[in-house]
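What follows is calculated from the coordinates using simple rules that are stated; it is not laboratory data. As the structure is a computational prediction, the values presented were derived from the model and not from experiment. Here Cβ is always computed from backbone atoms with ideal geometry, including for glycine, and neighbour counts include all displayed protein chains.
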Amino acid sequence: MKKIFNISKYIIGAGVVILSSCKVGGDVNVNPNQSPNAQTGYMLSSAIQFLGGVNGAGATTNINSFAGELYSQYLSETFYTNESLFSLKQYDYQNYYTGPLQDLKTVITVNTDPAKKSLETTTRYGSNNNQIASARILTAFIYLTMTDRWGDIPYTQALSGSANFSPVFDAQKDIYPSLMKELDEAQKQFDDGPALTGDILFHGNNNKWKHWANSLHAIMALRLSKVDPATGRTEFAKAVAGGLMISNEDNVSYTYLAAQTNENPYFNNYRNRYDYAVSSLVVNTLQGFNDPRLPVYVAPTVSKTYVGLPYGTYGDKLGDYSAGTRDKPGNVSLIGLTVSNQDSPTIWTSYAQVLFTEAEAAHLGWIAGGDGAAADFYNQGITASLTQNGISAGDAATYLAQASIKFSANTALEQILLQKWIAGFLSNGWESWAEYRRTGLPKLLDPVPGSLSPGQKIPRRQQYPQTEHDLNLTNYNNVISRQGPDALDTRVWWDK
Amino acid sequence: MPLPVNGTSGYSVAVINAGEIKNNGIEITLGGTPVKTKEFTWNADFNVAFNRNKVVSIFPGINSLQVSPDGAGGYGLAGGNQAAGAKSFGFVGSPSFGVNGVLGQSYGQIIGSGFTRDTKGNIVVDQTGMPVVNNSVNLGSMLPSYTGGFTNSFNYKGVVVAFSLDFQKGGKFVSVTEQNLNGSGLGAETVGNNAKGNPVRNDVANGGGTLVQGVHADGTPNTTYVNTRQLYEQVYSQIWEKYTFDASYVKLREVSVGYSFSKKMLGRLPFQSAYFGVTAQNPWLIYSKVKGVDPSQLQTSFYEGGQLPNTRNLGVNLKLTF
């Protein structure tokens, strides 16, 4: 017995030696050059940067993406006319999930997890509450953009990793209230603790985040004007009580940099492709009102005039137009340099846009003051947009004094939405398109002759990515039976 | 092995253990010297290879998986032209095609956009007369039924004539060249007259245009002519099925003719031996089912992304031994 005992002791001893030698050599599964903890501030920056577009790429996930600007008929295509004629139908949203949404979820998880929330790698980017609140607002903004584009989307079961590779689609009528609740709770969550760092949108200014959250809340509430005005009205009041944007300083301005890695996608496109010219609808509308924004939005042609390219021009007729280049302009106008320079910012949500939203709410009687208040908001909205574009106070006053601009209660909606559309040039195109679907205003070319959408109409939504059909078929079939065919002419819930 | 998963989970791939694939193959090689006399020799080599494979299992719940038939590949080239490592091809925003291992089938199934067809196989068109795109159609297998080669050399009194043939039966590939040519109106099929006897490029209102042979969803035949330019530029350009071809071919890969000078002929020249020959590479694509693209020299094993035509080389060979 004694002998056996001895042997087993040696075996144990050998085992200990092996284990300890493992420790000396380090675990091969741990990369010594990477932080074991999530750097939450980098994730916030990355999520914001994603929506602006990296390397000047014109991704379809950009807030100012080409497709959104085309659907809103701000721009026309100069050569490849597929997108403006709606022959591209499926748009991919997966990168929203695998990119910013997953990052923002991690920010929230890390700042909530008792084991991680107090780590230096977490707290150096701002107080837990401030990080969580900003991540929630940005997440809501992304989901809002997505549900407006596709309708029903994976939401409650999304971002579950290997726990669920087949998330169900949530109905838009459930997503909207949920996002408005998120925005309201998040804007109350900011505290006076350390300000956000890594916040390339507002540079740690909590008030601007709050104003944005409430303004998005108001925009979402107004989107219910047709489908559920009662809820819209209640939610609008909540948003106003929270505090909307109060000046152009509050504009959600995404700053591009004077470097190729983070340049404006329109500058990038004008490096050599020149795929887009300004639409004749924009040029003619601005000229009709003697609008001082014309030389800001639009570049002169070779003959020093401003000429738009009619939206949807295709085939042989396109041969009559030449957009030229910045150095050698053609006979139709390119986008103005001020709004498409390498470091020209893009505005995701503007003070002007919020004022026009309030104007419509006043006109509808959702907020006090009736058409008198609507007129004030309308005038302020125009002034805010003019100021944002560098127009002097004198020129703004001249513009507002024109009979064609003066607010009239009889044409309130037409005027408000036309000015909102003008103010939104080259900004959040998805938003302008959504507002067109809600109101049918301003009057765009619809149907678009020669286009390839059902009935040649402007799309009412975009089609799901192929991956849903290939990897999530049961839920895909369920959403089609609930929402309608996966087609461009199926209307989303709020679009009545 | 990276398994693509639905991105709405927050992740685009999951790392799993590999699935199972079963391969059965035969390769036959015959070689020898059929004729050998004092003055004439004929050497010949012939080989042919057959391979059948079947995807047995991938991962529970997963029926197909995109594969890279040309190996993993370290990097992708800009402009959508990836060679090694290519799994799929498509232009931004348009339907794409890719190679998939499909459970119960061979691993090289090309799946991409095709025509929507009714139960009888007719192409379905919409109310405007344009074909309806179906984004997920099995366009066939890239794997050939068999491949092989045939090499010969003849030697008669110092004159050497050699040639090699190779061939492939079956296997599909997608031609981006054809898509580009037709999409931009350079392809031959985008001109000509329609059934009414009018040029297809004329306005539909003036009797021009193209009639897509197909039916409406309710089964009635299509009678609506469409603008030819729009059909090719914007609709057919999204339907990869139209540009999927059979890669069968027979090719004369190389021919050479030469002469070895005998010692006697060299006389007082300071050489031990001398040989002079002419070689032609890629002289003749004898048989191919597709016009305009050489299926024997594709950029990848399942598509060519608008590649340049292959070159034909002519060489002169002079060998002198001192």
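Which of the peptides A:196-209, B:237-250, A:125-138, B:116-129 is most tightly packed, and how do the rest follow, judged by the mean count of other Cβ atoms within 10 Å per residue? Provide the component values of the computation, followed by the final result.
On the way: A:196-209: 19.9, B:237-250: 22.0, A:125-138: 24.7, B:116-129: 15.2.
Peptide ranking by packing, descending: A:125-138, B:237-250, A:196-209, B:116-129.
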Alpha carbon centroid spacing (whole Å) that separates the range B:143-170 from the range B:292-318: 18 Å
Proximal lysines relative to B:K157, as straight alpha-carbon distance under 29 Å, when same-chain residues fewer than 8 apart are discounted: B:K36, B:K38, B:K251, B:K263, B:K264, B:K319
Shape category assigned to the range A:361-435 from the gyration tensor of Cα positions, a/c cut at 1.5: oblate
Degrees separating the helix A:2-25 axis from the principal Cα axis of chain A, which is the longest one: 30 degrees
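What order do you get for A:88-98, A:407-417 when each peptide is scored by the mean count of other beta carbon atoms within 10 Å, highest first? Walk me through the numbers on the way to the answer.
On the way: A:88-98: 20.4, A:407-417: 16.8.
The most tightly packed comes first, giving A:88-98, A:407-417.
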Mean-position separation - Cα centroids, the range A:479-493 and the range A:377-412, in angstrom: 39 Å
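Across peptide A:228-241, how many C-beta atoms of other chains are within 10 Å of each residue C-beta, on average?
Details: counts 0, 0, 0, 0, 0, 0, 0, 0, 0, 0, 0, 0, 0, 0.
Averaged over the peptide's residues, the number is 0.
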Crossing angle, helix A:429-439 versus chain A [Cα axis fit, 0-90 degrees, rounded to tens]: 60 degrees
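State, as an integer percentage, the relative contact order of chain B based on alpha-carbon contacts under 8 Å between residues 6 or more apart.
On the way: 752 pairs, mean separation 47.8, N = 322.
That works out to 15 percent.
Inside 10 Å of the C-beta atoms of B:8-20, what's the mean count of C-beta atoms belonging to other chains? Please report the intermediate quantities before stating the final value.
Working: counts 25, 18, 16, 9, 7, 1, 3, 0, 0, 0, 0, 0, 0.
Mean inter-chain Cβ contacts per residue within 10 Å come to 6.
Could you grab the relative contact order for chain A? Cα pairs under 8 Å, six or more apart, rounded to a whole percent. Kindly include the intermediate steps, with their values, before the conclusion.
On the way: 833 pairs, mean separation 101.5, N = 496.
Worked out over chain A, it gives 20 percent.
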Distant-in-sequence amide H partners of B:V212 (H built 1.01 Å from N, under 5 Å): B:V226
Angle between chain A longest axis and helix A:473-483 axis [Cα atoms, degrees, rounded to 10]: 30 degrees
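Counting partner chain Cβ atoms within 10 Å of every residue's Cβ in A:91-100, what's the average?
Numbers: counts 1, 3, 2, 9, 2, 2, 7, 8, 3, 0.
For peptide A:91-100, the averaged partner shielding equals 4.
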Gap separating the Cα centres of the range A:285-307 and the range A:40-88, nearest whole Å: 24 Å
For the range A:260-340: rounded, prolate or oblate by the Cα gyration tensor [a/c cutoff 1.5]: oblate
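Among A:58-68, A:260-270, how do they line up by average Cβ neighbours within 10 Å per residue, starting with the highest?
Sorting A:58-68, A:260-270 by mean packing, highest first, produces A:58-68, A:260-270.
Ranked by Cβ crowding within 10 angstrom, fewest neighbours first, how are A:T40, A:T81, B:T311 ordered?
On the way: A:T40 32, A:T81 23, B:T311 8.
Sorted ascending by nearby Cβ count, the order is B:T311, A:T81, A:T40.
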Karplus-derived HN-Hα couplings along the range B:4-16 (A = 6.51, B = -1.76, C = 1.60, θ = phi - 60°), whole Hz, x at Gly and Pro: x, 10, 4, x, 5, 6, x, 10, 9, 9, 10, 8, 10
Value of [θ]222 nm, deg cm²/dmol, for the protein assembly as shown, DSSP H segments ≥ 4, -39500 (n - 2.57) each, nearest 500: -9500 deg cm²/dmol
Shape of the range A:88-233, Cα gyration tensor, a/c cut at 1.5: oblate
